[in-house]
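Worksheet for the structure shown next.
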Amino acid sequence: MEPIAFQKIYTRVSQVTKATCSLHATGVGNEEMAQVNDRLAQVVKIEGDLVTLQIFSGTEGIPTNSEVIFLGHAPQLSVSEELCGRFFNAYGQPIDGGPEVEGQLVEIGGPSVNPVRRKQPSELIATGIAGIDLNNTIVTGQKIPFFADPDQPYNQVMAMVALRAQADKIILGGMGISNDDYLFFKNVFENAGATDRIISFVNTTEAPPVERLLVPDMALTAAEYFAVEKKQKVLVLLTDMTLYADALSIVSNRMDQIPSKDSMPGSLYSDLAKLYEKAVQFPDGGSITIIAVTTLSGGDITHAIPDNTGYITEGQLFLRKDTDIGKVIVDPFRSLSRLRQLVIGKKTREDHPQVMNTAVRLYADAANAKTKIENGFDLTDYDKRTMSFAREYSEKLLAIDINIEIDTMIDTAWKLFGKYFSYAEIGIKAELVEKYGTINQHKN
Amino acid sequence: MATTGKVAGIISNLVMVKVDGPVSQNEICYIHFAGVKLMAEVIRIGAFYAYLQVFESTRGLKTGTEVEFTGHLLEATLGPGILSKNFDGLQNDLNKMEGIFLRKGEYTHPLEPDKLWDFKPLAKKGETVVAGSWLGEVAENWIPHKIMVPFILDGRYKVSKINSEGSYKIDDTIALLKDGKGEEYRVTMVQKWPIKIPIKAYREKPRPFNFMETGIRVIDCINPIVEGGTGFIPGPFGTGKTVLQHALSKQAEADMIVVAACGERANEVVELFSEFPELDDPRTGRKLMERTTIIANTSNMPVAAREASVYTAMTIAEYYRQMGLKILLLADSTSRWAQALREMSNRMEELPGPDAFPMDLPAIISNFYARAGYVRLHNGKTGSVTFIGTVSPAGGNLKEPVTEATKKAARCFYSLSQNRADSKRYPAIDAVDSYSKYLEYPEFIEFVSQSIGSNWIDQILEVKNILIRGNEAYEQINILGDDGVPIHYHEIFWKSEVIDFVILQQDAFDNIDASTPIPRQKYMMDKVLEVCNTAFTFNKFEEVNPYFKRIINVFKQMNYSEFQSEPFRNYEEELKSIINEKRKTEEQAV
Ligand SMILES: Nc1ncnc2c1ncn2[C@@H]1O[C@H](COP(=O)(O)OP(=O)(O)OP(=O)(O)O)[C@@H](O)[C@H]1O
Ligand SMILES: [Mg+2]
């Protein structure tokens, strides 16, 4: 980014804090980008002619005689087909050694879609994982995070989902991911021969944390280009949104804003919603689906980051290690896809909703039986049957290494019902039992 | 001459302006920015600057930019054409906006200035009228939309001219009014009203007592709400607040529904946009959209307009109440509106209250809830605004400022429980923790004894009691073990489970179960209580669970069947014979 001839260069910085610097300047626009020596910065406050800039990479070593140039525009990204297969940093600059992208320059974090121009999402995304497709079906235009403990294989699951999802484009926004994870994604995408439909914006742990604030908007701006201009199905992967929110709190803290819960800024809900709400289904077929990762600390979902996320996204997926079968499963209790009812029983077989609910309910009964054992009580015959059911259900359906069609998932559930339970115990509508079930009417 | 000013500072959507004349608190102004006008509201006036909250993104805005003040507060435009519309928080008609994306500074007319409406006069020349008096009416969908004396007019007026029947546009003069001094006022079919001020062109606001049917059993049968009542639904994320509100908007017994989607998901609003024009309103046989107005300020739309959106919605509801109609106003979620207030208050560096919310949050919330209510108009007719808001407590903890402030303001409390939602017991309203203060109103008790059944209130209390006893029995069983308690503990517990599964739980996505009319609710209540009041004989505790599961299963099949249809009756017979299997015989009872 070379300064253009007529641009005015300021050389007197009057105040420097941990994250910002201020100077007297005129004709500056709110949220405009600037360059302070060789660091990128953005206008965050204007009072009279005193302009405050947030310097993304921090203010360490910024002298009061720094050269400051205002760039005349908000952060922007050059969009075109040339983005495909490329890796960029948080500013949208190539990090793969390739050339700059030629295309149309658009400001990131652009306006919202008029809600009346949206379409109700209705296209199922099949992942082959029953914990998702059967229990928590996701659809195009949805936004849903994995709530995961840092030691869980969320990036692996997300990469797998992305590759099976049959999206036209996959856009990865990596925030504070380790270099190893970055290379993992690169590898998986390359091995799948999918690089030409993948675009990555990556801020690794080695880069300054505040820079990652630009990553989701970069990824979503690219997504909007393909979804709107090219009418494509775009899948955006954002990992890890907790580190994004941490960066927000660093900034607000350094700017002396009053923190609300868990020292997060009071605007956390709006800040996150602005990103997640970019998920959209357009009437002409283009769509943006967001799958994100929110890492939890100690499994606490009441912390401000997962809590606000849960209030914004359309459900959440929990991963859990099932010690009975020694595999990672998608937890059927706490996971939920809010948009599943738009497709289950409509785009899938009519018995899907009831079969899904019944299986989860029986799984819950098994959990109660387990508690009984822990408390030293005897099990009833029903308790024992639910426990055997739960084990098989976990192994044949919930484990994330399953890759089957949805009809097969439903049939598998029916088989398990028939194996362990009676007609009255499953409580499914009679006509569905007759049509699809293999239940012994009299067994008890 | 109108006051003008120049932008002197910008922090996000808070803009400081140096002004050249008088300005008033909450006055609306426009910032002339790059060829468009950005709407803003004065939220504080300081010694040097007026502070504005801008209803748009301020990206690119520079100091020195021209600001023009309008001299009026934020107003709603009221007239025929509001029904079935999709507005944003500032009452712009979203359908009139061009393009896929919302554009800064694009404001559209809320009504149809060119549409002709068939006007019928109701007042006569020479008649004395006051603010809110009905001068005439036009047919808006199926609602006789009253054209009223503007609420802003004080005192008494004489109708000096009233148009005869005919087609008029909203801006045409339809009547002339003369005040005591002989001054004449022109009345059209539209009027403006500042949204933060309640419309009070009625005679009195008695205590509400008319039961309002919602078709949702856990509300109607356990904690009923009334026409003109207030209620709120707090619950952690994903526990069913929105699904419950959508169900209310589809089924509740009201003439008009105003839905304010306040800082929530766009996809949820799209669901209304796409379903309501298709769904039938069982009362009128018309489409649901014909009685609905949607105010959409979703979470990605400008934060400042979020606060405005609930007031816009309330003002529209109050306007229709003045026509003698029953309005149900739903807002999802009032917490987002409180958060919008918090964001602004923090930017202005005000002294924060608990959780950094503004100190006056409780007052703001209670003033808003106070605008709901049942009113008697000057002409003796009645109208009501029933308000039900959701609250999204941070961390699911009900001891937070928004929930606590709302609890003081609303009379019905529908608490959604995480546990119930986790075990898919939908709607996840905790019947024991929740309450309806209306159950204590003698007027209400009188009303439902007449309209539903003389024992209805007793049944409600009995059901609650069984639920509480069931909870207690369940705790004992958990502590002492299945065989550590007398068998009848299991029976008590399972009877409460029958109520839970048959009355409380309701499948919002099943065509039949989704909405239960009152006669059917009463029928099922009688049936369920009959089971609860039957003494059974069990020889060992292991018999209890499977037996009641059978009962529940048959009951559920009844819930899924058309009322009084053949399958329904067959299940009923089946139920009877199951009950008789273990009914205590007379000699056992002795
Ligand atoms: N009555 C019901 N019947 C069946 N499913 C329900 C019912 N209520 C809620 N659900 C399920 O719970 C999910 C979440 O419900 P809903 O969107 O209403 O939650 P919410 O409380 O509004 O959450 P948020 O605060 O995040 O907006 C729904 O998508 C649906 O799957
Ligand atoms: Mg909701």
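The values are calculated or read from the model by the stated rules, or taken from the named source; none is laboratory data. Please read these numbers as outputs of a predicted model, since none were measured by experiment. Don't worry about glycine lacking a Cβ; one is built from the backbone with ideal geometry, like all the others, and counts go over all protein chains shown. These area figures cover heavy atoms from the full protein model, side chains too; ligands, DNA and RNA do not enter into them. Shrake-Rupley method; radii C 1.70, N 1.55, O 1.52, S 1.80 Å.
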Handout entry: Dipole in debye (nearest 20) - the protein assembly as shown, about Cα centre, beta carbon charges: Lys, Arg +1; Asp, Glu -1
Key = 2260
Problem - Coil-residue chymotrypsin sites (Phe, Trp or Tyr not before Pro) of segment B:405-452, DSSP, other Cβ within 10 Å capped at 13 - result: none
Practice task
Using only C-alpha atoms and all pairs of different ones, pull out the Kirkwood radius for segment B:117-192 in Å with one decimal.
Solution key: 12.2
Handout entry: Estimated inter-spin distance, B:Met348 and A:Gln166, nm [label 7 Å along Cα→Cβ]
Key = 5.4
Problem - Helix A:406-420 vs. chain A, principal-axis angle (Cα, 0 to 90°, nearest 10) - result: 40
Handout entry: Å² of accessible area per residue within chain B, as computed with a 1.4 Å probe and no ligands counted
Key = 38
Exercise for the section: Using +1 at the Cβ of each Lys and Arg and -1 at the Cβ of each Asp and Glu in segment B:211-427, identify which of B:Val270, B:Ala340, B:Val226 lies farthest towards the dipole's positive end. Expected result: B:Val226
Handout entry: Size of electric dipole in segment A:142-293: Cβ of Lys, Arg +1 and of Asp, Glu -1, about Cα centre, debye, nearest 20
Key = 480
Exercise for the section: Enter the accessible area per residue of segment A:9-70 (Å², integer; probe 1.4 Å; all protein chains in place). Expected result: 41
Handout entry: Amide H within-cut-off set for B:Lys85, under 5 Å, with H built and near neighbours excluded
Key = B:Ile294
Handout entry: For segment B:456-589, diffusion coefficient by Stokes-Einstein and Kirkwood Rh (Cα), 10 °C, 1.306 mPa s, µm²/s
Key = 102
Exercise for the section: Using the Cα centre as the reference, give the magnitude of the dipole from point charges on the C-beta atoms of segment B:211-427 (Lys, Arg: +1; Asp, Glu: -1; all else neutral), rounded to the nearest 20 debye. Expected result: 460
Practice task
Using only protein heavy atoms and a 1.4 Å probe, report how much of A:His303 is accessible, in Å² to the nearest 10.
Solution key: 50
Practice task
With all protein chains present, calculate the accessible area of B:Arg103 using a 1.4 Å probe and round the result to the nearest 10 Å².
Solution key: 130
Fill in the blank from the handout: Counting only residues 5 or more apart in sequence or on a different chain, those whose built amide H sits under 5 Å from that of A:Lys327 are A:Asp322
Exercise for the section: Measure off 7 Å from each Cα along the Cα-to-Cβ vector at A:Thr11 and B:Arg207, then give the distance between these two points in nanometres to one decimal. Expected result: 8.0
Practice task
Describe numerically, in nm with one decimal, the distance between label points set 7 Å from Cα along Cα→Cβ at B:Glu440 and at B:Asp458.
Solution key: 2.3
Exercise for the section: For A:Tyr423, A:Tyr393, write out the residues from largest to smallest accessible area, computed with a 1.4 angstrom probe and no ligands counted. Expected result: A:Tyr423, A:Tyr393
Exercise for the section: Measure out, as a whole number of angstrom, how far apart the alpha-carbon centroids of segment B:82-106 and segment B:48-78 sit. Expected result: 19
Exercise for the section: Before anything else, pin down the relative contact order of chain B: Cα pairs under 8 Å, at least 6 apart, normalised by residue count, whole percent. Expected result: 12
Practice task
Mind pulling the angle between the C-alpha long axis of helix B:487-499 and the longest principal axis of chain B? Nearest 10 degrees, somewhere in 0 to 90.
Solution key: 30
Problem - Protein-protein interface of segment A:241-278, residues with accessible area decrease of at least 50 Å², isolated chain reference, 1.4 Å probe - result: A:Ile258, A:Gly266, A:Tyr269, A:Ser270, A:Glu277
Practice task
Over all alpha-carbon pairs of chain A, lay out the pair-distance distribution in 20 Å bins, whole %, shortest bin first.
Solution key: 24, 49, 22, 6, 0
Completion exercise
Counting only DSSP loop positions in segment B:277-385, the GluC sites (Glu not before Pro) whose Cβ has at most 13 other Cβ atoms within 10 Å are B:Glu278, B:Glu349
Fill in the blank from the handout: Ignoring ligands and nucleic acids, chains B and A bury, in total, an accessible area (1.4 Å probe) to the nearest 100 Å² of about 6000
Exercise for the section: Calculate, in whole percent, how much of the Cα-Cα pair population of the protein assembly as shown lies beyond 46 Å. Expected result: 35
Exercise for the section: Give the percent of DSSP beta bridges with both residues in chain A that are antiparallel, rounded to the nearest 5. Expected result: 55
Exercise for the section: Whenever you get a sec, line up A:Asp196, A:Asp181 from highest to lowest accessible area (probe 1.4 Å, protein heavy atoms). Expected result: A:Asp196, A:Asp181
Completion exercise
Using alpha carbon centers only, segment B:227-245 is separated from segment A:73-129 by a whole-angstrom value of 37
Fill in the blank from the handout: Measuring from the longest principal axis of the C-alpha atoms of chain B, the long axis of helix B:334-347 (C-alpha) lies at a number of degrees, nearest 10, equal to 40
Problem - Accessible surface, 1.4 Å probe, highest first, among residues B:Ile479, A:Ile258, A:Ile329 - result: B:Ile479, A:Ile258, A:Ile329
Exercise for the section: Quote the accessible area belonging to B:Lys549 in square angstrom, nearest 10, computed with a 1.4 Å probe and with ligands, DNA and RNA left uncounted. Expected result: 40
Practice task
Express the C-alpha Rg of chain B as a ratio against the empirical globular expectation 2.2 N^0.38 Å, rounded to two decimals.
Solution key: 1.10
Practice task
Please figure out what share of the DSSP beta bridges in the protein assembly as shown is antiparallel and state it in percent, rounded to the nearest 5.
Solution key: 65
